[in-house]
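The values are calculated or read from the model by the stated rules, or taken from the named source; none is laboratory data. Model, not experiment: these values are computed from the prediction. Cβ coordinates were reconstructed from backbone atoms using ideal geometry, including for glycine residues, and neighbour counts include every protein chain displayed. What goes into the accessible areas is simple: the full protein's heavy atoms, side chains included, and nothing from ligands, DNA or RNA. Shrake-Rupley method; radii C 1.70, N 1.55, O 1.52, S 1.80 Å.
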Amino acid sequence: MEVKIEQSWKQRLQTEFDKPYFEQLTQFVRTEYQTRTIYPPARLIFNAFNLCPFDKVKVVIIGQDPYHGVGQAHGLCFSVQDGVQFPPSLRNIFKEIHDDIGTPVPLSGNLTRWAEQGVLLLNATLTVRADEAGSHQRRGWETFTDAVINAVASEKQNVVYILWGSYAQQKAAMVNRSQNLVLESVHPSPLSASRGFFGNHHFSRANQYLIEHGKEPIEW
């Protein structure tokens with residue numbers, strides 16, 4: 001089937017698009033968009049891939065679900081569109097960046113600038129119903145995003161994987177930790193951030209690793 005996604009990803013994921021589970025997922029998602037309010041907008045489902053081609057990937061950050069409020073989700077995990085109030089987890093991410101490397105808290109929660117520098121901002125589930133967290137889980141997206149992580153893990157070395165919370169940590173089980181940097185902590189949500197997210201120094205540690213391996217650091 002035809003999926004509009006950046007070419008370098010399409011080459012690696014075409015076998016997934018051709019599998020029965022993805023056909024079923026496509027039918028489900030198409031019906032959902034026709035009958036309900038679904039986020040992100042359909043044209044932005046594969047935004048993380050389109051902004052960060054495979055060859056550019058230096059860092060992978062794994063989220064769980066898109067935001068399910070009006071105007072928030074745009075296909076990048078933890079990111080919101082310009083002019084949207086920061087969700088609590090994103091506010092805590094910016095606080096840790098400021099405390100870690102001194103970068104001022106930005107005016108916008110739009111993380112497109114990270115994606116364009118080589119940060120794959122991957123949600124495990126790529127769509128969600130308005131105001132219904134988790135409503136598109138276990139429909140096939142997780143199988144697809146496992147294949148995405150597997151493609152990166154099998155072809156690329158010296159990638160930084162940033163895994164916040166047990167869900168993300170399980171998701172990256174196939175990553176070879178001897179050939180990549182895996183940074184783990186609790187999730188930045190207010191429920192857990194004070195138990196090890198604050199002070200994890202993931203942003204400075206990621207940049208130090210990239211520099212040591214001859215790559216441009218990320219301007220967080």
All positions within the stretch 150-177 that are touching a strand residue (DSSP E or B) at 6+ places or on another chain (Cβ under 7 Å) and aliphatic (A, V, I, L, M): VAL152, VAL159, VAL160, ILE162, LEU163, ALA168, ALA172, VAL175
The condition of being over 15 Å from the mean Cα position of the chain (by Cα), under 27 Å from GLU155 (Cβ atoms) and touching a residue at least 12 places away in the same chain (Cβ under 8 Å) holds, among GLU32, GLU23, only for GLU23
In the stretch 177-202, what residues are in contact (Cβ under 8 Å) with a residue 12 or more places away in the chain and closer than 25 Å to GLU155 by Cβ? GLN179, ASN180, LEU181, VAL182, LEU183, GLU184, HIS202
Tell me yes or no: at least one residue of the stretch 40-47 is β-branched (Val, Ile, Thr) and part of a helix (DSSP H, G or I). no
Kindly state which helices (runs of 4 or more DSSP H) lie completely within the stretch 124-220 and contain at least 1 residues that are among the basic types (Lys, Arg). 166-171, 202-212
Which residue pairs have Cβ atoms under 7 Å apart, sit 6 or more places apart or on different chains, and have a first residue in the stretch 109-123 that is at pLDDT 95 or above and a second that is of a type in the set (Ser, Thr, Tyr) and open to solvent by less than 30 Å² (accessible area, probe 1.4 Å)? GLY109/SER79; ASN110/SER79; LEU111/SER79; LEU121/SER79; LEU122/THR145
For the stretch 1-39, give me each residue that is part of a loop (DSSP other than H, G, I, E, B) and open to solvent by 30 Å² or more (accessible area, probe 1.4 Å). MET1, GLU2, LYS4, GLU6, ASP18, LYS19, ARG36, THR37
Counting only residues that are in contact with a helix residue (DSSP H, G or I) (Cβ under 7 Å, 6 or more places away or on another chain), in a loop (DSSP other than H, G, I, E, B) and open to solvent by less than 10 Å² (accessible area, probe 1.4 Å), the stretch 49-73 contains a total of 2
Which residues, taken from the stretch 81-123, are crowded, with 21+ Cβ neighbours inside 10 Å, hydrophobic (A, V, I, L, M, F, W, C) and part of a loop (DSSP other than H, G, I, E, B)? LEU111
The stretch 35-55, residues that are without any contact (Cβ under 8 Å) to a residue 60 or more places away in the chain and touching a Ser or Thr at 6+ places or on another chain (Cβ under 7 Å): PRO53, ASP55
Return yes or no: is LEU76 surrounded by 15 or more Cβ atoms within 10 Å (Cβ to Cβ) and in a helix (DSSP H, G or I)? no
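The rows are residues; the columns are (1) buried (at least 20 other Cβ atoms within 10 Å of the Cβ); (2) in contact with a helix residue (DSSP H, G or I) (Cβ under 6 Å, 6 or more places away or on another chain); (3) of a type in the set (A, V, I, L, M, F, W, C); (4) on the phi < 0 side of the Ramachandran plot.
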{"site": "TRP141", "(1), (2), (3), (4)": "yes, no, yes, yes"}
{"site": "ALA147", "(1), (2), (3), (4)": "no, yes, yes, yes"}
{"site": "ASN150", "(1), (2), (3), (4)": "no, no, no, yes"}
{"site": "ALA168", "(1), (2), (3), (4)": "yes, no, yes, yes"}
{"site": "SER185", "(1), (2), (3), (4)": "yes, no, no, yes"}
{"site": "ALA193", "(1), (2), (3), (4)": "yes, yes, yes, yes"}
{"site": "HIS202", "(1), (2), (3), (4)": "yes, no, no, yes"}
The number of residues in the stretch 117-141 that are touching a Lys or Arg at 6+ places or on another chain (Cβ under 8 Å) and among the charged types (D, E, K, R) is 1
